[in-house]
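The values are calculated or read from the model by the stated rules, or taken from the named source; none is laboratory data. These numbers come from a predicted model, not from an experiment. Backbone-built Cβ (ideal geometry, glycine too); neighbour counts: all protein chains shown.
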Amino acid sequence: MRAPLPDFPWDALAPFGDIARSHPDGIIDLSQGTPVDSTPEFIQTAFREASNSPSYPLTAGTPELRAAITQWAHERLGATGDFDVLPLIGSKELVAWLPTILEAKKVLIPEIAYPTYHVGALIGQAESIPVGIDANQWPIADLAWLNSPSNPTGRVHTVDEVNACIQWSRNSGATLVSDECYLDFDHTAKSFSVLSQTNGDNSNILAVHSLSKRSSMAGYRAAFMIGDSQLISRIREFRKHAGMIVPLPVQKAMTVALADNEHVIQQRTRYNGRRDLLRPALEAVGFRVEFSNSGLYIWCTRDEDAWVSVEWLAHRGILATPGSFYGEKGANHIRIAMTATDERIKSAVLRLKA
């Protein structure tokens, strides 16, 4: 029998959302990383032009999309050697179902982590084991998740740390999956892909990427994986039976999105500008920011229970996420997302200053 799934964490946040909504100027919701900036028009155009799509799309992806992902992997990630690619219906969906697809029995997840890593292990009736970043201390398992830049902390792992994870995979024969969905949003750090560290031997290594944040395409459910050709072939065969095919209009939109980097630079500038406004305002009211040098979030603490911090902000009309959603070690932290408009971020700063 599968272990019961935990309650959906954001349901517990609802009462604090009600408090924040009672603010005279309304709620500023910084609790979820859902993009608010428009999908670039050229991506929307590609989607619309492919909307007459009566036939089933290819599970493996169109030749054009596969070529676009492959070229992007070479140029952006520094991937070398033999590897394959596969489009996905969102990265969350992949995280939730990969332990099931690979029949994993033990899954290692970061000790402060995106909750779906744990939930995916439970769905697959696997044991979920939280671990630190030092792979020299990792136990034997079938599958391990690496997440850099990290959600929620914004931590970028070092080259030595990532190479230790790769070596763990080599020694154990286990699958190492690197969730790199925030790779394009560096602030004061320099992110890199696990695929740049494999020296062309991508055995048992997968990298997962998403266009949700990179291209403000969260509503499209557009993601992809890159890595070990045999593993991806196995996953593709499963998908042929189970479906989960990326719709053709989305594949067309993904293809043009990956061919352009200017819109990514613009979006990174927006997020970093919001961080630069909000961070000093938080520090001025007693929060200590930790990591937060990449990605879309500020990870901070006042050395108090996370819910106390959440309530304090809610009374000022600002909704944040308690760090306890991401593991026991986050119990005294909160996560604040940069996914609000510039206007709303400026308003949050004024409320904190008041």
Which residue out of ASP11, ASP18, ASP7 is over 30 Å from GLU262 (Cα atoms), of a type outside the set (Val, Ile, Thr), in a helix (DSSP H, G or I) and at pLDDT below 95?
ASP11
Quickly run through the range 336-345 and pick out the residues that are of a type in the set (Val, Ile, Thr), buried (at least 19 other Cβ atoms within 10 Å of the Cβ) and modelled with pLDDT of 95 or more.
ILE336, ILE345
Tell me, yes or no, whether the range 200-214 has at least one residue that is out of contact with any strand residue (DSSP E or B) (no Cβ under 8 Å at 6 or more places or on another chain) and either modelled with pLDDT under 95 or crowded, with 19+ Cβ neighbours inside 10 Å (or both).
yes
Looking at the structure I just gave you, is VAL289 within 23 Å of ASP186 (Cβ to Cβ) and among the β-branched types (Val, Ile, Thr)?
yes
By residue number, the members of the range 23-46 that are of a type outside the set (D, E, K, R) and surrounded by fewer than 12 Cβ atoms within 10 Å (Cβ to Cβ) are PRO24, SER38
Would you check if LEU183 is assigned to a loop (DSSP other than H, G, I, E, B), assigned by TED's automatic domain parsing to the domain that holds LEU88 and surrounded by 15 or more Cβ atoms within 10 Å (Cβ to Cβ)?
yes
In the set VAL159, VAL131, VAL177, VAL119, which member is β-branched (Val, Ile, Thr) and buried (at least 22 other Cβ atoms within 10 Å of the Cβ)?
VAL177
From the set of residues in the range 317-354 that are touching a His at 6+ places or on another chain (Cβ under 9 Å) and part of a loop (DSSP other than H, G, I, E, B), which is nearest to ALA113 (Cα to Cα)?
GLY327
Those helices (runs of 4 or more DSSP H) lying entirely in the range 205-278 with at least 3 residues free of Cβ contacts under 8 Å to residues at least 12 places away in the same chain
229-242
Apart from one, (1) assigned to a loop (DSSP other than H, G, I, E, B); (2) in contact with a Cys (Cβ under 8 Å, 6 or more places away or on another chain) all hold for ARG155; the odd one out is (2)
Would you check if there is a residue in the range 308-319 being among the aliphatic types (A, V, I, L, M) and either assigned by TED's automatic domain parsing to the domain that holds GLU111 or more than 23 Å from PRO35 (Cα to Cα) (or both)?
yes
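Scan the range 102-161 for residues that are small (Gly, Ala, Ser) and in contact (Cβ under 8 Å) with a residue 60 or more places away in the chain and jot them down.
Once the filter is applied, which keeps residues that are small (Gly, Ala, Ser) and in contact (Cβ under 8 Å) with a residue 60 or more places away in the chain, the range 102-161 yields ALA104, ALA113, SER150, GLY154.
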What's the total number of residues in the range 308-335 that are farther than 22 Å from ILE109 by Cα and either touching a residue at least 60 places away in the same chain (Cβ under 8 Å) or aliphatic (A, V, I, L, M) (or both)?
11
Please count how many residues of the range 188-247 are basic (Lys, Arg) and more than 30 Å from ASN272 (Cβ to Cβ).
4
From (1) assigned to a loop (DSSP other than H, G, I, E, B); (2) in contact with a Phe, Trp or Tyr (Cβ under 7 Å, 6 or more places away or on another chain); (3) of a type outside the set (Gly, Ala, Ser), pick out the condition that doesn't hold for VAL310.
(1)
Being buried (at least 24 other Cβ atoms within 10 Å of the Cβ) and aromatic (Phe, Trp, Tyr) narrows TRP168, TRP145, TRP138 down to just TRP145
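This table checks each residue for (1) under 20 Å from the mean Cα position of the chain (by Cα); (2) surrounded by 24 or more Cβ atoms within 10 Å (Cβ to Cβ).
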{"residue": "TRP307", "(1), (2)": "no, no"}
{"residue": "TRP312", "(1), (2)": "no, no"}
{"residue": "ARG316", "(1), (2)": "no, no"}
{"residue": "THR321", "(1), (2)": "yes, yes"}
{"residue": "SER324", "(1), (2)": "yes, no"}
{"residue": "HIS333", "(1), (2)": "yes, yes"}
{"residue": "SER347", "(1), (2)": "no, no"}
Can you give me the number of residues within the range 63-89 that are crowded, with 19+ Cβ neighbours inside 10 Å and either of a type in the set (Gly, Ala, Ser) or not in a helix (DSSP H, G or I) (or both)?
10
